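The values are calculated or read from the model by the stated rules, or taken from the named source; none is laboratory data. Every value quoted in this text rests on a predicted model; they were computed, and no experiment measured them. For neighbour counting, all protein chains shown are included, and Cβ atoms are generated from backbone atoms with ideal geometry for every residue, glycine included. Surface accessibility is based on the protein's heavy atoms, side chains included, excluding ligands, DNA and RNA. Shrake-Rupley method; radii C 1.70, N 1.55, O 1.52, S 1.80 Å.
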Amino acid sequence: SPSYKARALAWYALVYATYFALYAAFAANDCARLARRALSALGPQTAPRARDLPGHLVPRLWLVLAMLAILPPLIIVMDLTAFAPLRRVQGLSTEDVIVLDLLATLAAGTLAAVFAARQISEPLDQLRGAVERVARGTYGEPAPVLGDDELGRLTLHFNRMSEGLREREVIRREFGRYVSPEIASRILDDALGDASAAPTRQLRDTTILFSDLKGYTA
């Protein structure tokens, strides 16, 4: 009947539209990551602020999990009940319907899982590379903030920590031009509260030099 055909058309259109919308969302997120990477290459002034990153990775993953866990069995149940006459007209048995639906949902679910895994693995790889650079003493290469989720916020805070370490290293190096590196490190550690417990009074052999320029002072 026309009403049956309309219901079948609406149902399958809804199923395909749902999967295509999921893939379109992943594709848009990939384009956004490419844009953020290009912006981060321009300089730190283009880096986002923490309040600009809403952090919705967990709801997004829950949505993907719900689609992969609920939609495939729902498609099989609908094909075996409401749309069984349509499948019989197509010459498909119950076993054929189950196999075809499983293959279709497996392919769609695998593609969605690959997209979802990329959204997590790529930012983590960038962050791991930044951690290795900091461990080698290279502080001037921040990790690109690729997403507006929790991983992007974590990357942003790591970049700020790396910038603080770089500033501390610059201060230590420049201060060491005027005093010995050991004294510079000791002063900075005392100021930052990193110095180990030591006696408040120490006995040292020192040399004090008083110098003046001839005719310079009154």
All conditions in (1) open to solvent by 40 Å² or more (accessible area, probe 1.4 Å); (2) touching a helix residue (DSSP H, G or I) at 6+ places or on another chain (Cβ under 9 Å); (3) modelled with pLDDT of 80 or more; (4) of a type outside the set (Val, Ile, Thr) are true of Ala8 except (1)
Condition first: farther than 26 Å from Ala116 by Cα and open to solvent by less than 60 Å² (accessible area, probe 1.4 Å). Now tell me which residues in region 59-90 satisfy that. Met78, Asp79, Ala82, Phe83, Ala84, Pro85, Leu86, Arg87
Give the residue that is nearest to Thr81 (Cα to Cα), with candidates limited to residues of region 14-34 that are open to solvent by less than 50 Å² (accessible area, probe 1.4 Å) and among the hydrophobic types (A, V, I, L, M, F, W, C). Val15
So which of Ile183, Ile171 is open to solvent by less than 90 Å² (accessible area, probe 1.4 Å), aliphatic (A, V, I, L, M) and either touching a helix residue (DSSP H, G or I) at 6+ places or on another chain (Cβ under 6 Å) or at pLDDT 75 or above (or both)? Ile183
Among the residues of region 105-158 satisfying the criterion of being in a loop (DSSP other than H, G, I, E, B), among the small types (Gly, Ala, Ser) and modelled with pLDDT under 80, which is farthest from Cys31 (Cα to Cα)? Gly140
Would you pick out the residues in region 109-131 that are more than 23 Å from Arg160 (Cβ to Cβ) and either of a type in the set (Phe, Trp, Tyr) or open to solvent by 70 Å² or more (accessible area, probe 1.4 Å) (or both)? Thr110, Leu111, Val114, Phe115, Arg118
